[in-house]
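Note sheet for the following structure.
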């Protein structure tokens, strides 16, 4: 296995958040009854013609600017010709030789904190096809063209990923970015964000790429991982058995965990691309470009740098907090509500993150909101509770036991004991029963002091201020 | 440049038109002349010439992003060969 | 003024205004004639007396109520390529034999808004592919002047109906000469405007970058009236020109003194039948008498029009016709084994031989490995031809020449040899490739009495001047006033 290098490229189809379709005034709303959102253009009636939606163009430009790509201010729509029931015109209007966005890159972060720059080849506008249902009718398939004409931005990477992990990291980062920019709602269950993964293998050191197979329409990160893992194993096994990899389009079966080549749709599909004569060249004016640039939100990379410098966070922490708009917003809300930035960061990346993962929730769904977390952190900073006790408070808030931090502290009597008199009393009690530990400490074992402090903490039900206890014990044993 | 019968069968397949062997022969004969005509174009040196698709330099006009259509399913499905429950029906597609 | 079958649109408007005739009377008259001559000419595909008379009544009621519309009550018949809501629209094909349009084309709506009354849908070459109206699924259309001859195509029905007095005017479409050539063969005036002047929304697409809607009538004056109603910016068509509505009749009366007529030497060579050359020469003499001067120009690349057209048009058509797959409308085969079989049989059965041929050509020239050599090359030749015209317009105002190299031919004499058929379009195609406006008007007869048309090719957006030129010619001559005895 170590002799094989995996080469992966991703093509992601993102449905854009326009109200109407890319070439018609039909609604793009999800879930309507079949064919109730399909007009003469979407149905490809004779004589129907496409008319361009400015919202799709603006979103494509926004994306291009966000990834530092070149915006082709003059791009061309082309027809991709093939026959399929959910493709009413018998061609898809897409972009071929001259797409609206070229180049650009997205930086991803891997587990170990290492970053990698994923270069993008291009991003182009095109229309989505309709949907077919195959299980609803006995001998027939049903075609629903509501989805036909929904605007897509197809985002293509260079084949620069080298593992399933990298592919997933990229997919997740892209997913965050398009939602961040508000150009795509990222709803994978509804098909707003679909990834095709191109996978090939080659012996390490070989320059030529191996033959690739394309795994289509993966709509969950979990499936993506499984599919790539299986595909890689399969390709390696094939080659090691002396067989050649045939270029193919492949589907992932979540039930079996296997990838399988589709019935050959058409041996090397000949799409007969040519510029669509119904659509003159798309020109993005300097004015539009300037307007969109001016309206860009602070991008994740800039935010990351700012989090680092403004709040003194490590690059790693800053990156994790700035990737996702909701997370970044949560963080800043918490800090602005009066809590220490570094502590907030620790709590978000620690307890909060663990709880969210455990229950498969997104931060927007957290029962503990930013202000609440801010209050919690503030109570640690002002000495009301210790870090350890705070975890108990957090759990209480998370499970909905109480609404406010102070309520939980009072109700459970968790207030930290900081009164020196009270603390001295407890210390004295413990010291009275700790002759062995005192002797060890006097003999030079520092650990014994920790043991005594531990006992004081336990005796106080965890509420004693640990720093103060430490001082008192040391003083008394000096 | 002349087309073989395999060429014609391949193109007919791409175009989703059923052709019988007799059709192929007929088409082959008729297309010969046309392609001879078309081949005359090849002789012209067009290096550096920008292709033209629309006479007056048009640019794509942009429409506001607004929903302007309402549901007309019944009317639009009147010409459909086969529908059920709002779907257009076709022979079952096997992936 | 009194009114008769061959009154022009202008005369008909006056007769209606003067209450000499009503819209209902007009519609009835033309419907009766259409019914009577249908077995002989086969110009119509669909007539619907009830629908037409209802529209006519509305026009009369509107007139009584004082509603003003420039062509209120004037009958019009439409080539069966224009969708009209609620009317069967076949495009001359079995594929759409029973297709009832669910919406109307913008051009039809514009003409209805001008008050015109729909008489019916006119026969045509299938999917507008043809130059003789011999490829229609609904049978050939006969030339009213001589029923053993073709009326021209693809707008054969549009020309035959006006020539035979079945309607005072009609609409056609022109992709490679399909308005101008039938206009010549039937002794009419027909115009293809600048690409983008008339909306293509609701017109069944043949070759999207070449198709244009246009009028047929007996006179240039009528064509101006009709074009003014038809034309205009449409937000439903991304190739529609965004400019203010124009009144094409404003310049009709201008004198032709100082008009410079360019005569491309390529239009006057060997291929032109002698009878045509003679008629055109004599017509040019008339123009000179009217004050115009002629100058020889050269369009060296125009000879590549035909091959370039026979790449571009089929290529675009092959893609445009992919939507006819038997899924959502149109012909579906009665028996098939699976989806692939359904597609292949439905399309094989639905399309006629010429349409299938062109789809195959188009599919081939776009297919892998051939795009550069064919489609791209053709696109470049278009530019070269356009530049030839640009140069010509530096020394002339309009370009003229015969509309076609041969007059109306006998049925069946060319349909076996597509190349012969395609060469008929040799003078008309260039204007479609460049997008310039072009028209044909009657200018004489050959030694057999067959009609000759003079083609005028104008610079972009110069329709008003072209119509003026033809109108002045028609004031000085009477070729256009002849009618077949049918």
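On the principal axes of its alpha-carbon atoms, the stretch C:286-351 has extents of 68, 26, 16 Å, going from largest to smallest.
Of all beta bridges that DSSP places with both ends in chain C, some 65 percent have antiparallel geometry.
Remark: the stretch A:342-478 is approximated by an ellipsoid whose semi-axes, taken from the C-alpha gyration tensor as √(5λ), come to 35, 15, 12 Å, largest first. In this label model, residue A:114 and residue C:18 are separated by 9.5 nm, measuring between points 7 Å along each Cα→Cβ vector. Placing R0 at 60 angstrom, the Cβ-Cβ distance between residue A:369 and residue A:269 gives a FRET efficiency of 0.75 after rounding to 0.05. Calculation over all alpha carbon pairs of the protein assembly as shown in 20 angstrom steps from 0 returns a P(r) of 12, 35, 27, 15, 7, 4, 1 percent.
Above 26 Å, the calculated P(r) of the stretch C:1-131 contains 23 percent of its Cα-Cα pairs.
Distance between the C-alpha centres of the stretch C:174-201 and the stretch A:130-150: 41 Å, rounded to the whole angstrom. With the helix formula -39500 (n - 2.57) applied to DSSP H stretches of n ≥ 4, chain C reaches a computed 222 nm mean residue ellipticity of -11500 deg cm²/dmol. Volume per residue of the convex hull around the Cα atoms, evaluated for chain B, comes out as 289 Å³.
For the stretch C:9-259, the share of DSSP beta bridges that are antiparallel, to the nearest 5, is 65%. The angle between the Cα long axis of helix A:221-240 and the longest principal axis of the Cα atoms of chain A comes to about 70 degrees, rounded to the nearest 10. Give, as ranges by residue number, the residues of the stretch C:280-311 whose backbone N falls under 14 Å from the point 7 Å along Cα→Cβ of residue C:260. From the stretch C:280-311, the list is C:292-298. The alpha carbons of the stretch A:282-389 give a radius of gyration and a Dmax of 16.8, 62 Å, in that order. Estimate the FRET efficiency between residue A:291 and residue B:68 by the formula 1/(1 + (r/R0)^6), using the beta-carbon distance for r and 25 Å for R0, to the nearest 0.05. It comes to 0.55.
With respect to chain A, whose longest principal axis is taken over its alpha-carbon atoms, helix A:300-311 is tilted by about 20°.
With the largest listed first and rounded to whole Å, the semi-axes of the equivalent ellipsoid of the stretch C:192-294 from the Cα gyration tensor are 31, 20, 12. Each eigenvalue of the Cα gyration tensor of the stretch C:238-280, multiplied by 5 and square-rooted, gives one semi-axis; in descending order these are 33, 19, 11 Å.
Using only Cα positions of the stretch C:318-409, each an equal point scatterer, no hydration layer, compute I(q)/I(0) via Debye at q = 0.17, 0.19, 0.24 Å⁻¹ and quote the log10 values to two decimals. Debye intensities relative to I(0), on a log10 scale: -0.90, -0.96, -1.12. In whole Å, what is the distance between the alpha-carbon centres of the stretch C:341-414 and the stretch A:307-330? Comparing the Cα centres of the stretch C:341-414 and the stretch A:307-330, I get a distance of 61 Å. With the simple model of a label 7 Å out from the Cα in the direction of the Cβ, residue C:288 to residue A:241 spans 8.7 nm.
Calculated FRET efficiency, residue C:253 to residue A:249, Cβ-Cβ distance, R0 = 56 Å: about 0.25 to the nearest 0.05. Ranked from largest, the principal axis spans of the Cα set of the stretch A:171-219 equal 41, 19, 12 Å.
Relative to the longest principal axis of the C-alpha atoms of chain A, give the angle of the C-alpha long axis of helix A:325-336, reported between 0 and 90° and rounded to the nearest 10°. Between the helix axis and the principal axis of chain A, the angle is about 30 degrees. Expressed as a whole number of Å, what is the distance separating the alpha-carbon centroids of the stretch A:232-297 and the stretch C:434-464? Centre-to-centre distance over Cα atoms comes out at 50 Å. Label zone (residue B:4, point 7 Å along Cα-to-C-beta; backbone nitrogen cut-off 20 Å) within the stretch B:20-64: B:20-33, B:35-36. Helical content alone sets the calculated 222 nm signal of chain A at -11500 deg cm²/dmol, taking -39,500 (n - 2.57) per DSSP H segment of four or more residues and averaging over every residue. For the stretch C:134-193, a Kirkwood radius taken over Cα pairs fed into Stokes-Einstein (37 °C, viscosity 0.692 mPa s) yields D = 296 µm²/s. Were the residues from residue A:73 through residue A:298 laid out at 0.36 nm apart, the gain over their Cα-Cα distance would be 78.7 nm. For the pair residue A:305 and residue C:235, label points projected 7 Å from Cα toward Cβ lie 4.3 nm apart. Mean residue ellipticity at 222 nm, helices only, chain B: -10500 deg cm²/dmol; runs of at least 4 DSSP H residues each add -39,500 (n - 2.57), and the sum is divided by the number of residues.
Report, as an integer, the average count of C-beta atoms from other chains found within 10 Å of each Cβ along A:135-144.
For this peptide, the per-residue mean of nearby foreign Cβ atoms is 6.
The average projected area of chain C, computed from the convex hull of its Cα atoms over all directions, is 21.7 nm². For the stretch A:87-189, the percent of C-alpha pairs falling in each 5 Å distance bin, counted from 0 to the bin holding the largest distance, reads 2, 10, 15, 18, 16, 14, 10, 7, 4, 1, 0. Working note: Cα atoms of the stretch C:9-259, range along each principal axis, descending, whole Å: 44, 42, 40. Shape analysis of chain A yields a ratio of the Cα radius of gyration to the Kirkwood radius, Rg/Rh, of 1.11.
Rule-based calculations on the coordinates, nothing more; no lab input. All figures in this text were calculated on a predicted structure; none of them were measured in a lab. Every residue, glycine as well, gets a Cβ built from its backbone with ideal geometry; the counts of neighbours run over all protein chains shown.
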